[in-house]
1. Quick test for you: out of Ser169, Ser124, pick the one residue that is closer than 30 Å to Asp14 by Cα, crowded, with 24+ Cβ neighbours inside 10 Å and among the polar types (S, T, N, Q).
2. List the residue pairs whose Cβ atoms are under 9 Å apart, where the first residue sits in region 193-222 and is on the phi > 0 side of the Ramachandran plot, the second is of a type in the set (A, V, I, L, M) and modelled with pLDDT under 95, and the two are 6 or more positions apart or on different chains.
3. Taking only region 1-44 into account, find how many residues are of a type in the set (Lys, Arg) and surrounded by 18 or more Cβ atoms within 10 Å (Cβ to Cβ).
4. Counting only residues that are outside any loop (DSSP other than H, G, I, E, B) and touching an Asp or Glu at 6+ places or on another chain (Cβ under 9 Å), how many does region 227-246 have?
5. For residues in region 133-148 being hydroxyl-bearing (Ser, Thr, Tyr) and within 20 Å of Ala23 (Cβ to Cβ), which is surrounded by the fewest Cβ atoms within 10 Å (Cβ to Cβ)?
6. Restricting to region 91-115, name every residue that is closer than 23 Å to Val192 by Cβ and not in a loop (DSSP other than H, G, I, E, B).
7. Within region 153-178, how many residues are modelled with pLDDT under 95 and out of contact with any helix residue (DSSP H, G or I) (no Cβ under 6 Å at 6 or more places or on another chain)?
8. Filter region 116-140 for residues that are not β-branched (Val, Ile, Thr) and not in a helix (DSSP H, G or I) and give the result.
Amino acid sequence: MIQRMGAGSIRFCDPPVILSSCAVGGKKEAEGPLADAFDILNKDTRFGTGSWEKAERKMQQLALDGALQKQRLNYSDLDLMFAGDLLNQCISSSFSLRDKGIPVLGLYGACSTMAEGLCLAGMSIAGGAAQTAGVLTSSHFAASERQYRFPLNYGGQRTPTAQWTVTGSGCAILGSAGDGPRLMGCTVGNIVDMGIKDANNMGAAMAPAAYDTIRRHMDAFSLAPEDYDLIVTGDLGDVGAELLQILFRRDGVETASVYRDCGTMIFDRQTQDVHAGGSGCGCSAVVLCGHLLKELRRGSIKKLLFCGTGAMLSPTSTQQGESIPGVCHAVTIVSQEVREWTM
């Protein structure tokens with residue numbers, strides 16, 4: 001069962017369980033501070049395929065297979081799959097799943113896709129539409145550069161506010177019962193557009209959407225930032241993360257002690273030359289499916305607010321001088337040992 005808690009916010013009366021997850025990464029991710037949290041790392045940017053786009057499909061297949069194997073599940077055990085990516089028409093997800101026989105609902109939430117998928121999977125399971133559901137997404141640095149910006153051999157200079165698209169894929173398998181972290185509730189984001197037009201400063205474009213969603217989530221469930229062990233956005237990068245904290249300070253709310261951003265966690269900005277940090281559908285997906293869920297299972301994090309942020313632009317909208325709409329979806333995830341806390 002589910003309970004509406006105001007516009008866009010939902011409490012899961014029978015919380016779905018994250019049964020398993022798998023995180024796949026590439027060369028740069030293998031050199032970052034969260035390398036040990038990945039299940040699979042490959043320093044070949046093509047993952048043994050003939051192109052970057054095919055490599056992204058391969059990453060998705062590895063992530064899905066890895067998550068299923070941990071629970072000894074088959075493709076046929078999944079009632080629904082929620083999947084999406086950054087490439088036009090979400091070809092990574094459609095092509096990676098085209099021979100699996102899994103009912104698929106395709107998503108486009110840009111970098112918020114993992115959080116969006118968790119919201120929808122949680123609603124489906126808590127509402128009785130599915131017993132088991134998967135959430136799958138990915139991004140690839142070189143494929144994204146080719147689509148959104150310039151071919152790599154162009155050698156264009158990147159501005160300090162630009163972020164580095166993560167090469168990675170994350171998959172989470174959710175069920176109506178079992179052992180693992182639980183989804184307690186979620187808040188679906190509004191589209192927020194403050195007129196930012198610089199496609200190399202997506203953190204600034206997305207920060208107002210993150211602020212809007214987190215504020216609405218806190219109000220709907222009568223919570224404060226200190227009620228969580230960790231509030232994580234994905235992925236505002238260094239610029240957007242600082243802007244988000246400024247917006248909260250304007251309200252007299254201090255979040256620094258419990259707040260992190262996936263874009264600043266995935267890479268070492270001092271040694272890896274990623275400018276403002278990581279981005280892409282794969283960024284928050286691998287940080288969650290690797291690092292954060294492992295910490296929830298260990299109990300070092302007990303209450304997590306996972307907030308996926310997305311810049312809803314396209315190459316065409318950028319070329320036509322449009323501003324960049326942002327969105328953020330928030331999901332509360334608690335460790336298995338948390339039994340008494342009710343949102």
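The values are calculated or read from the model by the stated rules, or taken from the named source; none is laboratory data. This one's a predicted model, so the numbers in the text were calculated from it and none came from an experiment. Note that each Cβ is placed from the backbone with ideal geometry, even for glycine, and that neighbours are counted across all protein chains shown.
1. Result: Ser169 is the single residue among Ser169, Ser124 that is closer than 30 Å to Asp14 by Cα, crowded, with 24+ Cβ neighbours inside 10 Å and among the polar types (S, T, N, Q).
2. So the pair list comes out as Ser222/Met343.
3. The total comes to 2.
4. 10
5. Out of the qualifying residues, it is Ser144.
6. Leu107, Ala110, Cys111, Ser112, Thr113, Met114, Ala115
7. Selection size over region 153-178: 10.
8. Answer for region 116-140, where residues must be not β-branched (Val, Ile, Thr) and not in a helix (DSSP H, G or I): Gly127, Gly128, Ala129, Ala130, Gln131, Ala133, Gly134, Leu136, Ser138, Ser139, His140.
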